[in-house]
Amino acid sequence: MATIEADVLERLDGFAGELLRPGDPGYDEARRIHNGLVDKHPALIARCSGVADVVAAVSLARDQGFELSVRGGGHNVAGRAVTEGGVMIDLSAMKGIHVDPAARTARAQAGVTWGELNRETQLHGLAVTGGVVSTTGIAGLTLGGGLGWTMARYGLSTDNLLSAEVVTADGRVLTASEKANSDLFWGLRGGGGNFGVVASFEYRLHPVGPIVWGGPVIHPFEAAGEVLRFYRDFSSGMSNDLVAFAGLLHAPDGSGAKLCGIVVGHIGPAEEAKKELEPLLGFGAPLDVQVGPMPYSVLNTLFDAAFPRGALYYWKSAFLSELSDATIDTMVARFAACPSPMTMMVLEPFHGEVTRVPIEAMAVPHRERSYNCVIAGTWPDPGTSDENIAWTRESFAAMRPFLANRRYVNYMPDDELGEDPIRAAYGPNYDRLVELKRKYDPANLFHLNQNIRP
């Protein structure tokens, strides 16, 4: 196991956060991330308390030649937040949030999760698009794009980013916005952690809730083909106030029983929500219906239990070229053979405001009306990892005839971060991102990410 000697640590004199090396109390807990499949041992974990700590840790790793990883406040399926034998910058203690209700803006540090940000913004009846799992960190989600319940009305998380405070590879602290370092700002909005450590984010907020309409409608697996065909028609006419995810899933009781569900979130007026959801609530013979009024902050937790900390995760995803009958039949056939009682296959619709942003406006290019298909391989037993990874890969291969060459960067697994998948994630924006990488990180110090090679 790699170690960092005491004389090297002296270079971090004045570090206000916590420095952890192997054997220190709290080290093992600090190195573990949400994905239990990842088991790496940094030589040093620098738990930063502020921007000065981030600058010091970046400078140490750069000057001493250590591999550098950056951990935000939440989770990423690839697990690239942890380095083996290098320096891990841990931002999870940086939890500052300031909401300006008059200006409808919020500034939040990089260790904040969406649940924490929602709690503060909802005090004022405000929100910004932020995932569907409340334990997700704002940093990783925003830098990769950022889906969520309000995306059809207000765009992706990154579409609502106003500015960012960034520590670059050379140790500078820059503000990136439309007016300052605008090229960097363009790249941060979708380009992930390739250009520096983002210490804080400023968002545009919107009136949302506090009470919205949402919840799941669950059908038996035997009806899955019929339900997904209904979903195709229902979702094609959704208003911008409605986001509906459809999926093949398992019963939450651990029995392994397979189900099919549609989970909705409607942020418009109650009467409009009830009217738009009538066809969904009147379709078929569901096993369970839990759609109704709820706080927006609760809507954002509906998927939390399905993705617990410490479970093992291996995901594949890509946008569909079309949601055809053959696509649906293949999804159902593959899920019938799924080996884990925790895995899901999910359809995420892109429509509304998301699709009205020009492709060249920022790094994230996914602006077509379409569905992102996620094969969310999730299992509890390390002894079944090979079986579950193989099923996920085989299912993705079976779906390939129906997939477009477009990938959502936040879902890419660790073994799929070569140049071709990254090109698929950025499409026509890739070459411009390479030029930005050469400008801001020519030595590729920040490479433990969905890496854009300089």
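At a glance:
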item	result
All positions within segment 353-381 that are in contact with a Pro (Cβ under 9 Å, 6 or more places away or on another chain), in a loop (DSSP other than H, G, I, E, B) and under 29 Å from residue 254 (Cβ atoms)	380
Total residues in segment 51-65, condition open to solvent by 30 Å² or more (accessible area, probe 1.4 Å) and in a helix (DSSP H, G or I)	7
Members of segment 267-282 that are within 14 Å of residue 217 (Cα to Cα) and either open to solvent by less than 40 Å² (accessible area, probe 1.4 Å) or among the aliphatic types (A, V, I, L, M) (or both)	277, 280, 281
Verdict on residue 304 being acidic (Asp, Glu) and open to solvent by less than 50 Å² (accessible area, probe 1.4 Å)	yes
In segment 194-252, the residues that are polar (S, T, N, Q), more than 22 Å from residue 374 (Cα to Cα) and crowded, with 20+ Cβ neighbours inside 10 Å	194, 200
Any pair with Cβ under 7 angstrom, 6 or more apart, that starts in segment 164-175 at a residue that is within 12 Å of residue 439 (Cβ to Cβ) and in contact (Cβ under 8 Å) with a residue 60 or more places away in the chain and ends at one that is open to solvent by less than 20 Å² (accessible area, probe 1.4 Å) and acidic (Asp, Glu)	169/441
Residue 118 being in a helix (DSSP H, G or I) and either of a type outside the set (A, V, I, L, M) or over 19 Å from residue 207 (Cα atoms) (or both)	yes
Residue count, segment 327-352 (criterion: within 28 Å of residue 146 (Cα to Cα), touching a helix residue (DSSP H, G or I) at 6+ places or on another chain (Cβ under 6 Å) and not small (Gly, Ala, Ser))	8
Residue pairs meeting the criteria (Cβ under 7 Å; at least 6 apart or on separate chains; first farther than 22 Å from residue 205 by Cβ, in segment 87-99; second among the polar types (S, T, N, Q) and surrounded by fewer than 21 Cβ atoms within 10 Å (Cβ to Cβ))	93/49
Those residues of segment 17-50 which are part of a helix (DSSP H, G or I) and either touching a helix residue (DSSP H, G or I) at 6+ places or on another chain (Cβ under 7 Å) or open to solvent by 30 Å² or more (accessible area, probe 1.4 Å) (or both), in sequence order	28, 29
Single unsatisfied condition, residue 399 versus (1) under 30 Å from residue 326 (Cα atoms); (2) open to solvent by less than 20 Å² (accessible area, probe 1.4 Å); (3) out of contact with any Phe, Trp or Tyr (no Cβ under 6 Å at 6 or more places or on another chain); (4) at pLDDT below 95	(4)
Complete set of residues in segment 402-416 that are open to solvent by less than 10 Å² (accessible area, probe 1.4 Å) and either in a helix (DSSP H, G or I) or not hydroxyl-bearing (Ser, Thr, Tyr) (or both)	409, 412, 413
Residues of segment 417-454 that turn out to be under 12 Å from residue 407 (Cα atoms) and in a helix (DSSP H, G or I), as a count	8
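Yes/no matrix, rows are residues, columns are (1) open to solvent by less than 30 Å² (accessible area, probe 1.4 Å); (2) over 22 Å from the mean Cα position of the chain (by Cα):
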position: 335; (1), (2): yes, yes
position: 357; (1), (2): yes, no
position: 364; (1), (2): yes, no
position: 372; (1), (2): yes, no
position: 378; (1), (2): yes, no
position: 384; (1), (2): no, yes
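The values are calculated or read from the model by the stated rules, or taken from the named source; none is laboratory data. Because the structure is predicted, anything quoted here is derived from the model rather than measured. Quick reminder, even Gly has a Cβ in these numbers, built from the backbone with ideal geometry, and neighbours come from all protein chains shown. Areas reflect the complete protein model, heavy atoms only, side chains present, ligands, DNA and RNA absent. Shrake-Rupley method; radii C 1.70, N 1.55, O 1.52, S 1.80 Å.
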